[in-house]
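Structure record follows, encoded as structure tokens.
The values are calculated or read from the model by the stated rules, or taken from the named source; none is laboratory data. Predicted model, so just to flag it, every value in this text is computed and none were measured. All Cβ positions, even for glycine, are placed from backbone atoms using ideal geometry, and neighbour counts span all protein chains on display.
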Amino acid sequence: MENSPIFNDFIPGALVKYPAQPSWGIGQVQSSINGKITINFENVGKKVIDLTSVSLEIIENVI
């Protein structure tokens, strides 16, 4: 599961948004472990998101 391409896209530093919660604002990925992503959102702080049940949209990925 950890090597799945969808999980590998969410690397630390990537900027994301959660379309189901637009009020959270833009978030920056802090860590990604086994499909669980810790994100620091500008309006609500840190959230742990399970990518198996939530769809995030990448705004900008770091290289």
- Task: Take V48 and decide whether it is at pLDDT 95 or above and among the hydrophobic types (A, V, I, L, M, F, W, C).
- Result: yes
- Find the residue count for segment 9-35, including only residues that are loosely packed, with under 14 Cβ neighbours inside 10 Å and in contact with an Asp or Glu (Cβ under 7 Å, 6 or more places away or on another chain). 3
- Item | Residue satisfying all of: in segment 51-63; at pLDDT below 90 and β-branched (V, I, T); nearest to the chain's Cα centre (by Cα) among these | V54
